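Here is the structure we will look at, set down as structure tokens.
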Amino acid sequence: MMQVRLLSPLPMAETTKIEWTDATFNAWIGCTKVSSGCDNCYAESLAIRRRWHDWKPDSPRKTMSDQYWRQPLRWNERALETYGRPMRVFCSSLADVFDPQAPGDQRERLWELIRATPNLNWLLLTKRPRLAAAMLPDDFSSVRWPNVWVGMTAEDQPNYDLRWKHMLEFDAAVRFVSYEPMIGPLELTQTGDPPLPDWVIWGGESGRGARDCRPRWAREITAECIDLGIAVFGKQWGTYRSNPLVIEAGMSHREAGEVDPPSHGKGGALLDGRLLREFPARAEVIHSGQQVLL
């Protein structure tokens, strides 16, 4: 078993800086890069900095304590009272649920935990949708597993075209796309008219070495989602270099930060004056700083 010396505690808190979820949960820590979207992986830099995992491809994944695994059970008990809806849990922010190098018994343990927490909506995000159908439970469906949303990352058109077809190999209550980091344009209907995602999240890259994105990419995917009736969530520009207030309005980073503060997301998140943050089915839209439930 790999020994890891911790500089700080493993992530346990319910609070999270990821705008589209209420909490994060990692059944294990560690992953292997699969595409250019992974070049500046935030999970890798965070795990290495805090010595949770060395992120080497051949390193065993870091497993979590029983205490850590019990936390979602506590969330489940008070989710409806606290949120007035199922609590959203992103799994995994520091791994990939469908990673073939993950300890198989931990994935089975995850399915058991999900079954035991019906008041949590589990958001499983992967860059490996081609493996999902074989790794999901044998009885997986939107009816039997209504609290599981399955999403894939698609940082540009080629990766969307490569991955989305595999998302159609299984039935899920919600199928979503995380268009982050945006490193190229994306059109959902470019390859024809297959079943489309229920939800699209867009976001620019953040952190050291972040690649700039173009405002028109966010405008185009947002307009397409609105036209198709798909919930869309504008997460962040990643850096003020990509924020249209700087690129198009000529503001300084400081001025843009006053209009579109980092509290909206890294680098701000306003798109033409709007903070558009929808969720599938029961959408929550934050518009001009006011939250409206649809």
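Remarks
- 10 Å beta-carbon shell around MET251, net charge (K/R +1, D/E -1): -3
- Set LYS62/LYS235; LYS17/LYS62; LYS62/LYS266 screened for pairs whose C-alpha atoms are more than 26 Å apart: LYS62/LYS235; LYS62/LYS266
- With all protein chains kept in place, the per residue accessible area of the range 203-284 amounts to 45 square angstrom at a probe of 1.4 angstrom.
- Our note on the geometry: Cα centres of the range 105-134 and the range 62-89, 14 Å apart.
The values are calculated or read from the model by the stated rules, or taken from the named source; none is laboratory data. The shown structure was predicted, so the numbers you read here are calculated from the model rather than taken from an experiment. So basically every Cβ, Gly included, is an ideal-geometry build from the backbone, and we count neighbours across all protein chains shown. The protein model used for the area step is the full one, side chains on, heavy atoms only, and it has no ligands, DNA or RNA in it. Shrake-Rupley method; radii C 1.70, N 1.55, O 1.52, S 1.80 Å.
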